[in-house]
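Worksheet for the structure shown next.
The values are calculated or read from the model by the stated rules, or taken from the named source; none is laboratory data. Computed from a prediction, not measured in an experiment: that's the story for all the values here. Here Cβ is always computed from backbone atoms with ideal geometry, including for glycine, and neighbour counts include all displayed protein chains.
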Amino acid sequence: VVKDFPDSPEGKLGIARFKEQCCLRGLLLNGQPVTPDAVVKDYQAAKATLELARFKAECCLRGLPLNGQPVTPDAVVKDYQAAKATLELARFKAECCLRGLPLNGQQVTPDAVVKDFPDSPEGKLGIARFKEQCCLRGLPLNGQPVTPDAVVKDFPDSPEGKLGIARFKEECCLRGLLLNGQPVTPDAVVKDFPDSPAGKLGLARFKEECYLRELPLNGQLVTPDAVVKDFPDSQQGKLARARFKVECCLRGLSLNGQPVTPGAVVKDFPSSPEGKLGIARFKEECCLRGLSLNGQPVTPDAVAEDLQASKATLELARFKAECCLRSLLLNGQRVTPDEVIRDFPDSPAGKLGIAHFKDECCLRGLPLNGQPVTPDTVVKEYQATKAILDLSFFKQKCCLRGLQLNGQPVTPDSVVKDFPDTPAGKLGIAHFKEECCLRGLLLNGHPVTPDGVVKDFQTANAALELARFKQECCLRGLLLNGQPVKPDSVVK
């Protein structure tokens, strides 16, 4: 490919853009990986100020170093400002806000993000997409929660806007969010997807969700065969189809009346960097679940080799963490906790991975650097990564296991206060109240009643969790609305 580009300014810019993709996807050139520094030099040689700024933004968000140093959000902002790229700057600030990355030592507020988007069709689309994230994550704008109705109104009347509305309505349907005071039905979502390549792919993915969640379409349950047929015959469609077959295989579901074998799954992945990474991830699942591939067990060494070949540093670190926690050998040796920590990349996702692993080490009593991992250490790691929900779940574990923080027991009241005001946070509170109810723990000095737990699950639209709780009430003889819970009502 590189040889075919002409020796012209446009050709040199094309080479730089191609090298960027090789760098980000882990493709080799002349048998060597393309480094971020090499991409930067090519863009500088082509005097491509905007492309250089965009690439630095990718490096910042992916944790890729330049000249051996991490790319800071402030450096990216300066580059966008120098290129007078108002739209790209607003999009980057939106990412900083959503990922908790500071600018000038301050957190980026949602209000500041919205103000920065230009008054253009692309800017309006950017605002709508950002408001969608604020709505789904419970982030306020102008001190008020962003409602689903407000999000839909903000999407422009364009092909991109119509696709955005369809995808958002899909989220509302799957999360139980209301539009115009009514639940969004799967049938309504299907009608909204536009007849375009992206729309067809989105529709197929939504039907996949309907099948996996047993949501009916036109009064009928969606079959796996129908899902497979709906995926378009594009590179993205083939990849999505292969990923769906992964789910069918791991869940023991049939296609065309036959079980989906691991060998069939591997054959379906396209021969692309994303496809190869998909195969590596699937082999990891086979290894951890004890599934055979072509009649042979998948070894941890084979998984590690595939992840290394895909340049999947983060996935490799996560897999080594699993090997450590499950006592699986790599190269004939046990994986130590210290080795796992060293392998995580210096990126936001890598730092969160370290926090999750330290969480496990703390609860399992695994030492790091010869010292036990304290709950206070785990809390600091989660706070540093702005992982509010993960921190809340960890404090819940400390409360239920009797672990102390700052030398004090963690009270149920403090656990509830720490959960964020988001759909996931509300569901977390409901789960915790369920534990308090079943264990006889007090909240605000009062026992948590089964009726109170049921209301919380209903508010969170958590039908499966509600059914499981009613099952516990039935088996333990707990009353709901003053009446015993009958087995028949649980099954229904």
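Some values worked out for this structure:
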| read-out | value |
| --- | --- |
| From Gln296, Gln333, Gln308, residue being more than 30 Å from Cys362 (Cβ to Cβ), without any contact (Cβ under 8 Å) to a residue 12 or more places away in the chain and of a type outside the set (Gly, Ala, Ser) | Gln296 |
| Any hit, region 401-409, residues being surrounded by fewer than 18 Cβ atoms within 10 Å (Cβ to Cβ) and under 30 Å from Thr109 (Cβ atoms) | yes |
| Residue identified as loosely packed, with under 13 Cβ neighbours inside 10 Å, in a helix (DSSP H, G or I) and modelled with pLDDT of 95 or more among Lys417, Lys433, Lys397 | Lys417 |
| Options Leu50, Leu61; residue that is among the hydrophobic types (A, V, I, L, M, F, W, C), farther than 14 Å from Cys23 by Cα and surrounded by fewer than 18 Cβ atoms within 10 Å (Cβ to Cβ) | Leu50 |
| Filtered residues of region 272-312 (kept if among the hydrophobic types (A, V, I, L, M, F, W, C), within 13 Å of Ala242 (Cα to Cα) and at pLDDT below 95) | Leu277 |
| Filtered residues of region 451-492 (kept if surrounded by fewer than 17 Cβ atoms within 10 Å (Cβ to Cβ), farther than 15 Å from Leu438 by Cα and in contact (Cβ under 8 Å) with a residue 24 or more places away in the chain) | Thr459, Asn481 |
| Any hit, region 240-254, residues being more than 30 Å from Asn294 (Cβ to Cβ) and of a type outside the set (Phe, Trp, Tyr) | no |
| Any pair with Cβ under 7 angstrom, 6 or more apart, that starts in region 353-379 at a residue that is under 20 Å from Asp343 (Cα atoms) and ends at one that is crowded, with 16+ Cβ neighbours inside 10 Å and of a type in the set (Phe, Trp, Tyr) | Gly353/Phe344; Ile354/Phe344; Ala355/Tyr382; Asp359/Phe394; Val378/Phe394 |
| Residue within region 213-231 that is touching a Gly at 6+ places or on another chain (Cβ under 7 Å) and buried (at least 20 other Cβ atoms within 10 Å of the Cβ) present | yes |
| Criterion (closer than 30 Å to Gly31 by Cα and either among the small types (Gly, Ala, Ser) or touching a strand residue (DSSP E or B) at 6+ places or on another chain (Cβ under 6 Å) (or both)) met by exactly one of Ala355, Ala302 | Ala302 |
| Criterion violated by Cys210 - all others in (1) surrounded by fewer than 21 Cβ atoms within 10 Å (Cβ to Cβ); (2) under 20 Å from the mean Cα position of the chain (by Cα) satisfied | (1) |
| Residue identified as in a loop (DSSP other than H, G, I, E, B) and within 26 Å of Pro102 (Cβ to Cβ) among Asp359, Asp346, Asp376, Asp390 | Asp346 |
| Residue check for Ala204: out of contact with any strand residue (DSSP E or B) (no Cβ under 9 Å at 6 or more places or on another chain), more than 26 Å from Leu427 (Cα to Cα) and either assigned to a helix (DSSP H, G or I) or among the hydrophobic types (A, V, I, L, M, F, W, C) (or both) | yes |
| Close pairs (6 angstrom Cβ cut-off, 6 or more residues apart or separate chains): on the phi > 0 side of the Ramachandran plot in region 220-241, of a type in the set (Val, Ile, Thr) and in a helix (DSSP H, G or I) anywhere | none |
| Unmet criterion (only one of (1) over 19 Å from Leu277 (Cβ atoms); (2) within 22 Å of the chain's Cα centre (by Cα)) for Gln258 | (2) |
| Residue in region 121-131 that is more than 26 Å from the chain's Cα centre (by Cα) and not basic (Lys, Arg) present | yes |
| Residues that are more than 22 Å from the chain's Cα centre (by Cα), farther than 17 Å from Lys207 by Cβ and basic (Lys, Arg), drawn from region 144-193 | Lys153, Lys162 |
